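> Can you keep this structure in mind? I'll have questions shortly.
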């Protein structure tokens, strides 16, 4: 009986072996299909990763949009399923391109209009226009094969703080780009800390890196006299920065302009501290203090931009305030900086007063009264 059972089991296993092999083959085939599917997905991901950055960025975004589009297609009887997905991807790319589009460069005429729109600075505006005309005529002479004298566009800006030196430098950088003097037209602003390092041998490297970032544009060095302090210390690294700067100015004279700025007397001492500075900086722009009317005009423009409306009493108080400030100014007069500070204090006082009211109206949020300015002046 045992032999029969044993034989039966062996026969049964022999009979079932083809079926088992068949099942095994099905399982293997399923594994192959899964592997192929994974390979297809990997290929799609690889194709997406190797495509344009805009496609990679929009990968998740397009999934969400396309899902919504597919839902809309179910309700569409036009039979154009799939076209909406394509449109969504195109829309995503167009949106990204629109966001990445750079602001168009201003023309020479537009930049001169911006310069003319600045409050005051009449002598600076005329000097800038004369300089632009000089550069244009030089180019015309060159085109007509006429000789030109050596040209240095490095400048010295002198005057009190808040007189628009940085603003004019920024406009100049764009103007020189517009007329072809500079290749990029960017403005890089630094002071002593942006050029001088704290250890031997590092200042030259730091200065070189800063100048490199300004190539094609203007390097604006504020309070430049700090590079040559009156102490005369032999271990001051400011002098190393000056020497490095002078060499780099010469090496890159065709695509770099340097503007040094600061108070008038310290800047005069700075320029005369090194023969190389005197020979390279021969254009001086003096920024006069704003008078009382110009200070009020700057203040009024700030109010208009932020939609604050002064009552007649408040306007009269503001005019008298700026007259008093101007007549009692000293060598450290802040000019537009003082105006900005006064405006910010006015906004803070106005906010304190309005916050205690209930049911704010538009007039409450915009109208500035005499008491607001008085409290701002006290601060």
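The values are calculated or read from the model by the stated rules, or taken from the named source; none is laboratory data. This is a predicted model, so every value here is computed, not measured. With ideal geometry, Cβ positions are generated from the backbone for all residues, glycine too; neighbour counts draw on all protein chains shown.
> Can you say whether residue 267 is part of a helix (DSSP H, G or I) and touching a strand residue (DSSP E or B) at 6+ places or on another chain (Cβ under 7 Å), as far as the supplied structure shows?
Spelling it out, residue 267 is indeed part of a helix (DSSP H, G or I) and touching a strand residue (DSSP E or B) at 6+ places or on another chain (Cβ under 7 Å).
> I want to confirm something. Restricting to the stretch 108-126 and keeping residues that are touching a helix residue (DSSP H, G or I) at 6+ places or on another chain (Cβ under 6 Å) and part of a loop (DSSP other than H, G, I, E, B), which single residue is surrounded by the fewest Cβ atoms within 10 Å (Cβ to Cβ)?
Filtering first and then ranking leaves 119.
> Let me ask something additional. Please work out if residue 216 is under 28 Å from residue 172 (Cβ atoms), part of a helix (DSSP H, G or I), in contact (Cβ under 8 Å) with a residue 24 or more places away in the chain and in the same structural domain as residue 191 (by TED's automatic domain parsing).
Working: under 28 Å from residue 172 (Cβ atoms): yes; part of a helix (DSSP H, G or I): no; in contact (Cβ under 8 Å) with a residue 24 or more places away in the chain: yes; in the same structural domain as residue 191 (by TED's automatic domain parsing): yes.
No.
> Considering only residues that are surrounded by fewer than 17 Cβ atoms within 10 Å (Cβ to Cβ) and part of a helix (DSSP H, G or I), which ones fall in the stretch 136-165? Talk me through it step by step, then tell me what you get.
First pass over the stretch 136-165, keeping only residues surrounded by fewer than 17 Cβ atoms within 10 Å (Cβ to Cβ): 136-152.
Within the stretch 136-165, 136, 137, 138, 139, 140, 141, 142, 143 qualify.
Yes/no per residue for (1) buried (at least 17 other Cβ atoms within 10 Å of the Cβ); (2) assigned by TED's automatic domain parsing to the domain that holds residue 165; (3) touching a helix residue (DSSP H, G or I) at 6+ places or on another chain (Cβ under 8 Å):
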{"position": "237", "(1), (2), (3)": "yes, yes, yes"}
{"position": "240", "(1), (2), (3)": "yes, yes, yes"}
{"position": "258", "(1), (2), (3)": "yes, yes, yes"}
{"position": "296", "(1), (2), (3)": "yes, no, yes"}
{"position": "301", "(1), (2), (3)": "no, no, no"}
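> Hey, residue 201 hits all of (1) in contact (Cβ under 8 Å) with a residue 24 or more places away in the chain; (2) more than 30 Å from residue 339 (Cα to Cα) but one; which does it fall short on?
(1)
> For the stretch 149-168, indicate whether the set of residues that are in contact with a helix residue (DSSP H, G or I) (Cβ under 8 Å, 6 or more places away or on another chain), free of Cβ contacts under 8 Å to residues at least 40 places away in the same chain and within 16 Å of residue 252 (Cα to Cα) is non-empty.
Within the stretch 149-168, one or more residues are in contact with a helix residue (DSSP H, G or I) (Cβ under 8 Å, 6 or more places away or on another chain), free of Cβ contacts under 8 Å to residues at least 40 places away in the same chain and within 16 Å of residue 252 (Cα to Cα).
> Also: Which of the residues that make up the stretch 186-207 are crowded, with 16+ Cβ neighbours inside 10 Å and outside any strand (DSSP E or B)?
Residues satisfying the conditions are 186, 191, 192, 194, 195, 196, 197, 203, 204, 206, 207.
> From 353, 340, grab the single residue that is without any contact (Cβ under 8 Å) to a residue 24 or more places away in the chain, in a helix (DSSP H, G or I) and assigned by TED's automatic domain parsing to the domain that holds residue 307.
Being without any contact (Cβ under 8 Å) to a residue 24 or more places away in the chain, in a helix (DSSP H, G or I) and assigned by TED's automatic domain parsing to the domain that holds residue 307 holds for just one of 353, 340, which is 353.
> Check residue 259 against each of (1) part of a helix (DSSP H, G or I); (2) modelled with pLDDT of 95 or more; (3) under 25 Å from residue 151 (Cα atoms) and name the one condition it does not meet.
(1)
> While we're looking at this one, here's another question. Give the stretch 317-337 a look and list any residue that's out of contact with any strand residue (DSSP E or B) (no Cβ under 9 Å at 6 or more places or on another chain) and part of a helix (DSSP H, G or I), or say none. Outline the logic, then answer.
Kept after step one, since they are out of contact with any strand residue (DSSP E or B) (no Cβ under 9 Å at 6 or more places or on another chain), are these residues of the stretch 317-337: 319-334, 336-337.
Within the stretch 317-337, 319, 320, 321, 322, 323, 324, 325, 326, 327, 336, 337 meet the criteria.
> Name the residue, out of 274, 320, 335, that is over 28 Å from the mean Cα position of the chain (by Cα) and either surrounded by 19 or more Cβ atoms within 10 Å (Cβ to Cβ) or in contact (Cβ under 8 Å) with a residue 40 or more places away in the chain (or both).
Being over 28 Å from the mean Cα position of the chain (by Cα) and either surrounded by 19 or more Cβ atoms within 10 Å (Cβ to Cβ) or in contact (Cβ under 8 Å) with a residue 40 or more places away in the chain (or both) holds for just one of 274, 320, 335, which is 274.
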